[in-house]
There are 2 protein chains.
Amino acid sequence: MDFRGDPEILDILRTAGADVRGENVRFERGMCRRIIQATAPREFTYHARNPSRSVHFGGASAIFAPCAGAPFVFDLDGGRRYATLADTQKLHKIAHSLETLHTAGGHIAEAMDVPIPERHLHDVHDQLVLSDKPIGGAVNAPERAIDTLNMAKIVFGDAFVENNACIYAGLNTNSPLVFDVTMMGALKVYARHNQPVLVSPYILSGAMGPVTVAGCLAQQLAEALGGLVLTQLIRPGSPCVIGTFIGTVSMQSGSPTFGTPESLLGITVAAELGRRLGVPVNCAGGAVTSSKIPDAQAAYESALTLTTTFLAGVNMIPHSAGWLEGGLSAGYEKMILDSDLCGTLQIYSQNLDLSEEGQALDAVREVGPGAHYMGAQHTQRHFETAFWRSATADSHTYEQWSEEGSLDAARRANAIWRRILADYEPPPIDQGIAEGLREYRDRRIREIQAAGGRAQQGR
Amino acid sequence: MDFRGDPEILDILRTAGADVRGENVRFERGMCRRIIQATAPREFTYHARNPSRSVHFGGASAIFAPCAGAPFVFDLDGGRRYATLADTQKLHKIAHSLETLHTAGGHIAEAMDVPIPERHLHDVHDQLVLSDKPIGGAVNAPERAIDTLNMAKIVFGDAFVENNACIYAGLNTNSPLVFDVTMMGALKVYARHNQPVLVSPYILSGAMGPVTVAGCLAQQLAEALGGLVLTQLIRPGSPCVIGTFIGTVSMQSGSPTFGTPESLLGITVAAELGRRLGVPVNCAGGAVTSSKIPDAQAAYESALTLTTTFLAGVNMIPHSAGWLEGGLSAGYEKMILDSDLCGTLQIYSQNLDLSEEGQALDAVREVGPGAHYMGAQHTQRHFETAFWRSATADSHTYEQWSEEGSLDAARRANAIWRRILADYEPPPIDQGIAEGLREYRDRRIREIQAAGGRAQQGR
């Protein structure tokens, strides 16, 4: 594997016993696994500023996170358009309000009206202020990782951040088999400060990896091990997470395809490989689709992939809600629809109630053959809470549904996200902390703009 | 459990040792299980008139069957309307043409323009002529079961039918805890002639069963055991299948709801209970939905339920394609969209290719870090067959999709079923057999009409 542009990383790997030739590094069989297994934690707590929103990472738990990184947004009224800061703030508010999503979601979409060097300052600020769920950190430059850390420290305090997982840093390799200087720079910042680092290849099978599932899995494991070993060499015991993204491409057009059986197989086996390694597993097998709109294609691909990923025992599922168009677009309606699916899976995974009340033997005795349960005392006792209620599904009769305007699911979801935004109230925050975050954001933007001005004058 | 209106059945049960009081029958603990396990086959072959279409029933295999029993049909052009014989014939042609569906599908929809006493004659005829996949039998009267047997014998020969599973008979109990005279009549015909009998409760939790999952499962198991034991008492060794349908109801409106976590939990545990019994398992956890149209709701509910059912290891999955509106409507577009999902799951369940070619080690050596796999020899070798291709998904760019009319998935599916019907060619059949089937159908219709006329004159 190539580790490009970072002599410090090459020194670290050489010292650990790897065979370093230029920027190409070879590990003897089992070396990375041994180093990772020696010190990496199997499970940890991923902290939110609201302690009741903190989540367990690893073991039997699954964390559902919203989509990330889309340059476009889509809604039924405005269609597809470039995302703006106003959009990302709306999406943060919606993600915060949906109980079935567990994180503030990193950069849900790209605020294309904000210059790239300033974008992360808005995003981290908005995650910490508009939401009180656990946050994702900037990874696209070491100094942006430092900004994320500094802002987290304003909220959590310096010592707490150094000793606890407060920022999730999702790093991608450059498949095949390259770890680039940007990603290594971010990795060093987060690992040195004890923050959980995900190393996830992003492989489109047949393009950035072999055209076979087993070939992609071998590559995925090699790339992830090569990145994760750095976290333990830099700070033994710091939390790390093994990741996978295995998609497929259309052999006709070269476009990415989602919800394909090959990608599902990749996710399923990658989850097993991650458990074998013994660190938490992240699979970007969320509500992914190549559909441009929240139609049946979007729903089939999303439901199939999210269900399979969840049942594979994955611990962190990014892109669980909102993804459209192969990740190029974040959908307002799609986020609402997907969040219902997340809720269904979360309830599905709860244990069957086998208590006497759960077995309903008194009701069976009371009702008897050929009667009905609607009026049974047991039914009445559980009436309100028996079944998970979808916010978007319509189970009315055809006639009632027609009278109500024959709305499809996307149109119903449109009304829901509008109501969520209308009802949104920011989660409570200490005013001094809010002020500190705002000041940090604005000061750094001024510094970046001044430096940009100087750079421009220098040309 | 009540066995209503059939003294012969009560005699059979009494002789076997059950405690019969009037029409209510109690079985001592373990009695039904012991009788069933003593003689019922764990697996068998379900024969089609085209031997290459015969399927394995039980073990690790899953049979995907189209939807059944809808009085309405839906398509994008004609909307929702009563099904006609012309519709059922079109749907049989489509189901035959879709390679991911394994059966001719019984009565996919109800031909509402044909009187009920004649409907099964058209349906069985059309299954046997328009398709060459395994068929489902009429169960709504003993004489209609006999008609099905007689028509199967025209195709397979008398001795073959008596010795092999050629007709799948899907029977429902009248939940809670009633087996009615119609169903027992059909059961006796099929079991005596060695045809596979499914006994499946149809429980909407909170209405025809307790409001808790465990309560419904206890009821489901009791009803299924009470029915299945009859097959082995009537003809030991005849094939039988344990079935489940556990849905939920909206506690607001009383309408059935689908894709709920409670129904998924019911399916998952019912599949385990079936395996414990040791006969093949049927779960009506197909592509079920309460949506009226092939929108995102339909797709989420269908994909979630079908995926969960498949992964639960169910052997027969009825309603795998076409179901809309809680089963009241059979959708043309929905059948196309669902069949793609069936195909994805079927490929997903194939084993990972771990051969040297599957591991792609030569490609990994050839490509190396930072390059791409599009042009690799290994990619070229597998180019055409590497990935399952969905017929309905669009993975093109937003721009190309827009230029092509911004069609949603349902609209693309509309074009596909129209092309399937335009291209349809009936599977080859011996002309004498075809003639025999037609004659039988027409003669029986004349007899039924004459008897109906006499009955009318008699009033």
For region B:274-288, does any single residue satisfy the condition of being within 12 Å of chain A (Cβ to nearest Cβ), open to solvent by 10 Å² or more (accessible area, probe 1.4 Å) and either more than 21 Å from the chain's Cα centre (by Cα) or not β-branched (Val, Ile, Thr) (or both)? no
Cβ-Cβ distance below 7 Å, separation of 6 or more or different chains: which pairs start in region A:413-433 with a residue that is farther than 18 Å from A:ILE293 by Cβ and end on one that is open to solvent by 40 Å² or more (accessible area, probe 1.4 Å) and β-branched (Val, Ile, Thr)? A:ILE433/A:ILE154
Here is a list: B:ASP19, B:ASP11, B:ASP75, B:ASP6. Which entry is in contact with a strand residue (DSSP E or B) (Cβ under 6 Å, 6 or more places away or on another chain) and either more than 30 Å from B:ALA312 (Cβ to Cβ) or surrounded by 16 or more Cβ atoms within 10 Å (Cβ to Cβ) (or both)? B:ASP19
Do any helices (runs of 4 or more DSSP H) lying entirely in region A:129-246 carry at least 2 residues that are within 14 Å of chain B (Cβ to nearest Cβ) and either in contact (Cβ under 8 Å) with a residue 12 or more places away in the chain or open to solvent by less than 10 Å² (accessible area, probe 1.4 Å) (or both), and which ones are they? A:181-192, A:213-234
Can you find a residue in region B:80-96 that is within 14 Å of B:GLY331 (Cβ to Cβ), touching a strand residue (DSSP E or B) at 6+ places or on another chain (Cβ under 7 Å) and small (Gly, Ala, Ser)? yes
Filter result (in a helix (DSSP H, G or I) and of a type outside the set (Val, Ile, Thr)) within region A:368-379: A:GLN377, A:HIS378
Could you grab the pairs with beta carbons closer than 7 Å, sequence gap of 6+ or different chains, first residue in region B:347-369 and farther than 13 Å from B:ARG381 by Cβ, second one open to solvent by less than 80 Å² (accessible area, probe 1.4 Å) and modelled with pLDDT under 90? B:ILE347/B:TRP388
Filter result for the condition that a residue is surrounded by fewer than 24 Cβ atoms within 10 Å (Cβ to Cβ) and either of a type outside the set (A, V, I, L, M) or more than 9 Å from chain B (Cβ to nearest Cβ) (or both), over A:SER250, A:SER263: A:SER250
More than 17 Å from A:GLN127 (Cβ to Cβ) and in contact with a Gly (Cβ under 7 Å, 6 or more places away or on another chain): which single residue out of A:PHE44, A:PHE57 fits that description? A:PHE44
May I ask you to say which residue of A:TRP388, A:TRP401 is in contact (Cβ under 8 Å) with a residue 24 or more places away in the chain and surrounded by fewer than 21 Cβ atoms within 10 Å (Cβ to Cβ)? A:TRP388
Among the residues in region A:41-60, are any within 22 Å of A:PRO428 (Cα to Cα) and open to solvent by less than 20 Å² (accessible area, probe 1.4 Å)? yes
Check on B:ILE293, modelled with pLDDT of 95 or more, in a loop (DSSP other than H, G, I, E, B), over 29 Å from B:GLY59 (Cβ atoms) and out of contact with any Leu (no Cβ under 6 Å at 6 or more places or on another chain): yes
Go through region A:380-459 and tell me which helices (runs of 4 or more DSSP H), entirely inside it, have 2 or more residues that are within 30 Å of A:ARG119 (Cα to Cα) and more than 28 Å from the chain's Cα centre (by Cα). A:431-458
Out of the residues in region A:270-290 that are out of contact with any Leu (no Cβ under 9 Å at 6 or more places or on another chain) and over 16 Å from A:SER61 (Cβ atoms), state the one that is modelled with the lowest pLDDT. A:ALA284
When every residue in region A:409-450 that is open to solvent by less than 40 Å² (accessible area, probe 1.4 Å) and small (Gly, Ala, Ser) is compared, the one nearest to A:LYS90 (Cα to Cα) is A:ALA413
Selection from region B:320-367 of residues more than 7 Å from every other protein chain (Cβ to nearest Cβ), more than 18 Å from the chain's Cα centre (by Cα) and either assigned to a loop (DSSP other than H, G, I, E, B) or small (Gly, Ala, Ser) (or both) yields B:SER349, B:GLN350, B:ASN351, B:SER355
Any residue that is within 12 Å of chain A (Cβ to nearest Cβ) and among the aliphatic types (A, V, I, L, M) - is there at least one of those in region B:412-421? yes
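The values are calculated or read from the model by the stated rules, or taken from the named source; none is laboratory data. This structure is a prediction, so every number in the text was calculated from the model and none was measured. Note that we place each Cβ from the backbone using ideal geometry, even for glycine, and neighbour counts take in every protein chain shown. Accessible surface is based on the protein model in full, side chains and every heavy atom, while ligands, DNA and RNA are left aside. Shrake-Rupley method; radii C 1.70, N 1.55, O 1.52, S 1.80 Å.
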